[in-house]
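Enquirer: Take a look at this one; I'll ask things after.
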Amino acid sequence: MEKKHVAVLYGGFSSERPVSLSSGKACADALEAVGYKVTRLDVDRDIGAVLSGLKPDVAFNALHGPYGEDGTIQGVLEYLGIPYTHSGVLASALAMDKELAKKIAKASLIPVAESRVMDRHSIQNRHPMKPPYVVKPVNEGSSFGVVIVKEGQSHPPQVISSPEWKYGDRVMVERYVHGRELTCAVMGDVALGVCEIVPTGHAFYDYDSKYVPGGSKHVCPAKISLNIYQKIQTLSLKAHQAIGCRGVSRSDFRYDDRHSENGEVVWLEINTQPGMTPTSLVPEIAAEAGHSFGELLSWMVEDASCSR
């Protein structure tokens, strides 16, 4: 049977363009290696016309950030009737908005950290909550714009209210959760393994930790007790389903085991377009579950649809 023609969408014009270029190349190379006909498309404003002329069987969405994972490109693909990978319009938009995603998670009895969304300029002179806390843009990924305010810090970081800030005026202020960084991938209706991320030489899992080789150490499977491992799998699948995700997603957690093994597990966010770079977590977690990179991507292509 003839393999499908897959258009790999990557690049784009969000701040996560460099990550998307890397993801897109890795995915296109791997899909070609397993026999698919692949067209590589660096997404620009004319993407609707380009896809309309190309008429691929499937669009593999390797875009990251605004326009690529917030429901925008998904809406274009729905109009064109081109089956696509990952989540649909609504789930993508909900997951990309950290405030809405947390509200849905909390309503589904998934433990989240206390937080509030506010205008960044109102944080200029006094702490919005007792330190330590985290300030993060509401609609960005890859840890862009994340600022950790440490215990004992006398005033909020000036960068948040400065003219150089480029991540929008709405920010989330969230209680800082001590502990270990854990993540779990979901593939369809199955929660895969749990991986621990140990940043090397970084205070937290920032952009360089994620994408610079050697920036972090991944412990797959995570060395945690079975009940915590299974709890994180259960919560990841619950978040995936509550937000309405499809295909592959990845949920991130903090696990504070300083005082007891049961400790505190807190869900941070869900990523509907997880990175597919050589240092990315989902391919590593899938490999641990017995799925090669090519098999993972093939599954995603065959899972693609409209009305997701």
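The values are calculated or read from the model by the stated rules, or taken from the named source; none is laboratory data. Nothing here was measured: the structure is a model prediction, and the numbers come from that model. Note that we place each Cβ from the backbone using ideal geometry, even for glycine, and neighbour counts take in every protein chain shown. Calculation scope for accessible area: heavy atoms of the full protein, side chains included, ligands and nucleic acids excluded. Shrake-Rupley method; radii C 1.70, N 1.55, O 1.52, S 1.80 Å.
Enquirer: Quick check: at a probe of 1.4 Å, how many percent of the accessible area of the chain sits on carbon and sulfur atoms?
Expert: Working: 7130 of 13430 Å².
Carbon with sulfur: 53 percent of the solvent-accessible area.
Enquirer: Among 255, 245, 276, which residue has its Cα positioned farthest towards the positive end of the charge dipole of segment 231-288, with +1 placed on the Cβ of Lys and Arg, -1 on the Cβ of Asp and Glu, and the dipole taken about the Cα centre?
Expert: Of the listed residues, the answer is 245.
Enquirer: Next up: Give me the net charge of residue 237's neighbourhood, meaning all other residues with Cβ under 14 Å from the Cβ of residue 237; Lys, Arg count +1, Asp, Glu -1.
Expert: Summing Lys and Arg as +1 and Asp and Glu as -1 gives +3.
Enquirer: Straight-line reach from residue 55: which aspartates and glutamates have Cα under 14 Å away, leaving out those fewer than 8 places along the same chain?
Expert: In chain and number order, the partners are 78.
Enquirer: For the chain, can you list the cysteines whose C-beta has no other cysteine C-beta under 4.7 Å from it?
Expert: Isolated Cys, the chain: 27, 184, 245, 306.
Enquirer: Add -39500 (n - 2.57) for each DSSP H run of 4 or more in the chain, then divide by its residues: what number comes out at 222 nm, to the nearest 500 deg cm²/dmol?
Expert: Result for the chain, helices only: -9000 deg cm²/dmol.
Enquirer: Tell me the net charge near residue 3. Cut-off is 13 Å between Cβ atoms, residue 3 excluded, with +1 for each Lys or Arg and -1 for each Asp or Glu. Please report the intermediate quantities before stating the final value.
Expert: Details: positive: 4, 37; negative: 2, 32, 57, 302.
Taking every Cβ under 13 Å from that of residue 3, the sum is -2.
Enquirer: Let me ask you something else. Tell me the net charge near residue 122. Cut-off is 15 Å between Cβ atoms, residue 122 excluded, with +1 for each Lys or Arg and -1 for each Asp or Glu.
Expert: Details: positive: 116, 120, 126, 170; negative: 119, 169.
Here the charged neighbours net out to +2.
Enquirer: Right, here's the next one. What are the lysines whose alpha-carbon lies under 23 Å from the alpha-carbon of residue 98, with same-chain residues fewer than 8 places away excluded?
Expert: Of all the lysines, those that pass the test against residue 98 - Cα under 23 Å, at least 8 places apart if same chain - are 106, 130, 136, 150, 166, 210, 231, 238.
Enquirer: Return the label of the correct value of log10 I(q)/I(0) by the Debye sum over Cα atoms at q = 0.06, 0.07, 0.13 Å⁻¹, as calculated from the structure shown, out of (i) -0.26, -0.34, -1.01; (ii) -0.29, -0.39, -1.15; (iii) -0.19, -0.26, -0.92.
Expert: After the calculation, the listed value that fits is (iii).
Enquirer: Using Cα centres only, tell me the gap between segment 142-169 and segment 87-115 in whole Å.
Expert: With segment 142-169 and segment 87-115 each reduced to a Cα centre, they are spaced 22 Å.
Enquirer: Now a separate question. Roughly how big is segment 1-42's charge dipole about its Cα centre, with Cβ charges of +1 (Lys, Arg) and -1 (Asp, Glu), in debye to the nearest 20?
Expert: Numbers: 6 positive and 5 negative charges, 15 e Å.
The calculated dipole for segment 1-42 is roughly 80 debye.
Enquirer: Now, a different point. Work out the length of the dipole vector of the chain about its Cα centre, built from +1 on the beta-carbon of each Lys and Arg and -1 on the beta-carbon of each Asp and Glu, and round it to the nearest 20 debye.
Expert: Computed charge dipole of the chain: roughly 540 debye.
Enquirer: Measuring with a 1.4 Å probe in the full set of protein chains, what accessible area per residue, in whole Å², belongs to the chain? Let's see the in-between values first.
Expert: Details: 13430 Å² over 308 residues.
Accessible area per residue: 44 Å².
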